[in-house]
Amino acid sequence: MNMISKKFALQKLSMLTLILMISSVCLVASTEGHAPGFAIYSPWATTAPTIDGTITVGEWENAWTADITNTGILSNVTLYVMNDARYLYIAVDDKNDTTCLPDSGAQLGIYFDDEPAGAHDGAWTYTECPSGEGNFWLNPGTSPPEFSGIIQGADRCSVVSPVSGVLKEFSNASGHVQYEVAIDLDESPLKADTLKGDTFGFRIYVYNQDEGKFDGYWPLGASWSDPSTYGNLTLSGLHERLDALLTDIETLKNDIEGVSATIANVLEETLSSMESDVDAINTKIASMNGTLGTMESDVETIKDQTALGAFNWNMITMIFALIAAICSIASLILSRKKT
Ligand SMILES: [Ca+2]
Ligand SMILES: [Ca+2]
Ligand SMILES: [Ca+2]
């Protein structure tokens, strides 16, 4: 290699070193905070789901959903997330897993970076236990929900079992395993303010014991020990609650308008029917009036006839009385002549 080519090679090496240095600086910058591009915006749960291990029709329709199927897994694994003022609701539908017996090893791992309180720093914040951030391990059956706090290191604190404020139920009633979880955002170690709509670091996995495989991950490729690789989970806050309330009011208003229209229609039909009835009654009254008029006329005629009869009878009586009087006078005259 001559001097010129050596110099050129050195320049190339320097350039490569510079590019590598810039790349590493960019890499460090991109891993601060949480994993870019992985964000869950938890919608407001207008109706709380029933935590029974079965995702029923309509129960999770308001939820944020994502396909969290792991690389190399055949069927879809779906994640559902939503919240209300108290609970973060999480459901997972794993079409690859059919058995969900107690102690079967099927497991949901839910990891969160929510310290310092009300913030998230992409790091295990504390050097001593308890940490207030780490992960829940959730298993089928009566196995209690567990919490493992994580501190800088990453080192684990003693497992808390059962941990308070976590409800879970898993089932294969649908033909494959479904997971339903409610996390109390005030009582459990995962604490958040749903008035503000807090954001915290979030990671989840689904473990299928039958196959010995992790069927689902979110975010794919995140490391449990490094919360800077987690995604962001942003809760619904006051704005979303007001929006949901306004939607409810709008629905209620439409319902009232619908009911009012129905009542108006029924009233109109009833009034129309009553008008027909009143017309029929009026016709009958008019007919009765006619009959009464005829009867009155008949009565008058009878009265007249009765009055005429009385008159005739009086005349006859008077005539007979007159005849009787004449007869008695004549009889008296005749009797006097004889004497
Ligand atoms: Ca359910
Ligand atoms: Ca933290
Ligand atoms: Ca916490």
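The values are calculated or read from the model by the stated rules, or taken from the named source; none is laboratory data. Here the structure is a predicted model, which means the values were calculated and not measured. When we count neighbours, we look across all protein chains shown, and the Cβ atoms used for this are built from the backbone with ideal geometry, even at glycine.
The single residue among S42, S143 that is more than 16 Å from ligand 3 (Cβ to nearest atom) and more than 30 Å from the chain's Cα centre (by Cα) turns out to be S143. Out of A244, A280, one residue alone is touching a residue at least 60 places away in the same chain (Cβ under 8 Å), assigned to a helix (DSSP H, G or I) and outside the structural domain of S42 (by TED's automatic domain parsing). It is A244.
Within the stretch 105-130, the set of residues being touching a helix residue (DSSP H, G or I) at 6+ places or on another chain (Cβ under 7 Å) and on the phi > 0 side of the Ramachandran plot comprises just one member, G122. Kindly check whether there is at least one residue in the stretch 265-275 that is surrounded by 10 or more Cβ atoms within 10 Å (Cβ to Cβ), closer than 30 Å to Y41 by Cα, of a type outside the set (D, E, K, R) and not assigned by TED's automatic domain parsing to the domain that holds Y217. No, that holds for no residue. Test T125 against the criterion of being hydroxyl-bearing (S, T, Y) and within 16 Å of ligand 3 (Cβ to nearest atom), and give yes or no. Taking the combined requirement at face value, the residue satisfies it. Is it true that G165 is surrounded by fewer than 24 Cβ atoms within 10 Å (Cβ to Cβ) and more than 32 Å from the chain's Cα centre (by Cα)? The answer is no for G165. Among the residues of the stretch 75-101, those that are hydrophobic (A, V, I, L, M, F, W, C) and not in a strand (DSSP E or B) comprise A85, C100, L101.
Being crowded, with 19+ Cβ neighbours inside 10 Å and more than 20 Å from W64 (Cα to Cα) is a condition met by at least one residue of the stretch 195-214. Selection within the stretch 92-140: residues that are closer than 20 Å to S174 by Cα and in contact with a Pro (Cβ under 7 Å, 6 or more places away or on another chain). The member of this set that is farthest from ligand 2 (Cβ to nearest atom) is L101. Taking the listed residues T50, T56, T65, the one that is farther than 23 Å from T99 by Cα, in the same structural domain as C100 (by TED's automatic domain parsing), at pLDDT 95 or above and surrounded by fewer than 19 Cβ atoms within 10 Å (Cβ to Cβ) is T65, with no other qualifying.
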